[in-house]
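As structure tokens, the structure follows; a few thoughts come after it.
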Amino acid sequence: MELIDFIPFKSEFTKACHGLTTNATHTSEKPVFEELKVRRYDKPLTEISEFILNKIDHWIGWNLISEKTAVGGTTTIRAEISSFILFGLKINITFGILEEKDVNDRPITTVNAKAETHIESRGDLGESRRAIRMMLGAMDFEFRNELIKEEDYQYRSLDTAGASAASQQIFNDAQLQHQPKPEGSAKATTIEFKKRPAVQTIELKPTKKIEEISLTSTPISETPVQNETSDSTPEANTASDDPKPSKPKIVIVTTQKKPINTV
């Protein structure tokens, strides 16, 4: 006997410590608390699974996520629980049901469970443990006459280290949520996205149209005299890049009247 056994309320003290330091719980062959021990019943798998599904359907806050049969004959039932103590935070709970035959060809159904709380802290105040205890306690009461003890299972089972042990190993992998990474672990590589080069836009300017303007007038008499005048403008430099257009020529037509001789 150890000294710690003399502490009053030892079990409640241990549960309080686990509730403040863990947020994931699972059943095992040698658990910390007796309520988390693996259950075995002298019932077929169909009756056990129907009982679990019925409870999930009727209990408030429990929602069924999936039900499937994995390789090896293990039936997995996953559900989601809304915790009232944790202000509606979700708890994912999974039940693993495996059926095997004993030496007398009678069914033995093994039930495992694990629960994980989605919380940012390390402790969930024992909500994951209470969720497992709630379902296993209801099964113990319903199948109290078919509950198989460990000594009886060792005697009746054909292979204690076979499929049942492999199924138990899956549920032993329940890990803490948001636990810190161990030192020396590889850091995540960042992904860089290369930017595409900017597309240069070229502005298209409309060409200037040069319109020639000519002004002409009709002659008044039969013998008009034309005087052609032109504005003298310097010629544009042909060597320049943008030659300027020449000014249009204007033709002015005048009439010369003969003087009248007086006697």
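Coordinate-derived values only; no laboratory data. The structure displayed is predicted, hence computed values, not measured ones. All Cβ positions, even for glycine, are placed from backbone atoms using ideal geometry, and neighbour counts span all protein chains on display.
Is there a pair in LYS101/LYS149; LYS30/LYS149; LYS37/LYS90; LYS15/LYS55; LYS68/LYS114 whose C-alpha atoms are over 18 Å apart, and which pairs would that be?
With Cα atoms farther than 18 Å apart: LYS37/LYS90; LYS15/LYS55.
In whole Hz and in residue order, list the ³J(HN,Hα) couplings for the range 84-90 that follow from phi through the Karplus curve 6.51 cos²θ - 1.76 cosθ + 1.60, θ = phi - 60°; x for Gly and Pro.
Calculated HN-Hα couplings, in order: 6, 5, 8, 6, x, 5, 8 Hz.
With θ set to phi - 60°, apply the Karplus curve 6.51 cos²θ - 1.76 cosθ + 1.60 along the range 57-71 and write out the HN-Hα couplings as whole Hz, x wherever there is a Gly or Pro.
6, 9, 6, 6, x, 9, 10, 6, 9, 7, 9, 8, 10, 8, 5
Which cross-chain or sequence-distant (5 or more) residues have an amide H under 5 Å from the amide H of VAL32, H modelled 1.01 Å from N in plane?
The answer is none.
Give the peptides 121-133, 83-95 in descending order of average Cβ contacts within 10 Å, highest first.
Values: 121-133: 20.9, 83-95: 16.8.
Peptide ranking by packing, descending: 121-133, 83-95.
Please report how far the C-alpha centroid of the range 107-164 lies from that of the range 41-95, rounded to the nearest whole angstrom.
12
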